[in-house]
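Just so it is clear, none of the values below were taken in a lab; they were calculated from the coordinates. This structure is a prediction, so every number in the text was calculated from the model and none was measured. Glycine gets a Cβ as well: all are built from the backbone with ideal geometry, and neighbour counts include every protein chain shown.
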Amino acid sequence: MTLLEVSRLSLRFGGIQALDRVDFEVNPAEIVSLIGPNGAGKTTVFNCLTGMYVPRGGDMILTPSKGPPRRLNGLKPNQVTELGLARTFQNIRLFPSLTVLENVMIGRHCRTSAGVLGAVLRGRGTRAEENEILARSYDLLLRFDLDRQANDMARNLPYGAQRRLEIVRALATEPALLLLDEPAAGLNTMETQILDDLITRIRDESGVAVLLIEHDMSLVMSLSDRIYVMDYGRMIAGGRPEEVRDDPAVIKAYLGEAADAPPA
């Protein structure tokens, strides 16, 4: 069964063809990387998948383990999250003035049922749900080695720990598919290795599929089951890491980026 199927995804910004009939798929419990030069359209794909952009053409179909296939086109970001797709961003988007634990608890919001009336009256069901949110959030911190910082303000965490916290908060939504947008950006070698282990654990222990945008090719090659390559809004290659690494179109795209770069 295919978890996510994207077919002929297209989007224009004025006279610019940002995405041009992009096709790819992600299977359950699979780590797939989406790579390419800067400006290739990778984050634009993520923004379409998560309801931030509405594509002009094509289909995005998510088939969760429970329930029928759902077309993501036109859904709002909160509706996409409720269906089982969560993401992180290139720039960390934590709530800096909230604690580490509170940031994860916010991620549980889409899985709660208490409405405004329940929050005001605080009946038995609402209190039980609040306790469940607290317990599940702390358990996630414990699993991913952030429990000792549970009561620290998110802004006070080291950069690498903030990156991990953003991923843990996304996991709190109980996704079937986790989208990670350049999670290794700004990390040192040790922090990147911790990230590598974290993503592998997410797949192996939770069965969550991962779609990864990343420029660190050593990380991509070590993690990925399959890799797709974009250039100028088009998909130019796809396959196992060793196939993509030796593909002439991929080599040309990356050499072209290097050749076009201004001198240091």
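Details
- Charge dipole of the chain about the Cα centre (unit charges at C-beta), most positive-ward option of Ser218, Ile236, Ser137: Ser137
- Rounded to the nearest whole angstrom, the semi-axes of the ellipsoid equivalent to the chain, taken from the Cα gyration tensor as √(5λ), stand at 33, 22, 16, largest first.
- For the chain, built as a Gaussian network whose Cα springs stay under 10 Å, the top-fluctuating residue of Gly238, Gly14, Gly160: Gly14
- Computed from the C-beta positions of Ile61 and Tyr254 and an R0 of 30 Å, the FRET efficiency is 0.50 to the nearest 0.05.
- Most mobile of Ile167, Ile133, Ile227 in a GNM of the chain (Cα contacts under 10 Å): Ile133
- Inter-label distance, Ser97 to Arg155: 0.8 nm, where each label sits 7 Å from its Cα along the C-beta direction.
- Placing pseudo-labels 7 Å out from each Cα toward the beta carbon at Thr189 and Leu134 gives an inter-label distance of 4.4 nm.
- Straight-distance crosslink candidates among lysines, where the alpha carbon sits under 20 Å from Lys252 and sequence neighbours closer than 8 are dropped: Lys42
- In order through the stretch 207-218: 3J(HN,Hα) via Karplus (6.51 cos²θ - 1.76 cosθ + 1.60), integer Hz, x for Gly, Pro: x, 7, 6, 10, 10, 10, 9, 7, 9, 7, 5, 5
- Calculated FRET efficiency for the pair Lys76/Leu142, C-beta based, R₀ 30 Å, to 0.05: 0.40
- Separation of the Arg234 and Arg21 label points, Cα + 7 Å toward Cβ, nm: 0.9
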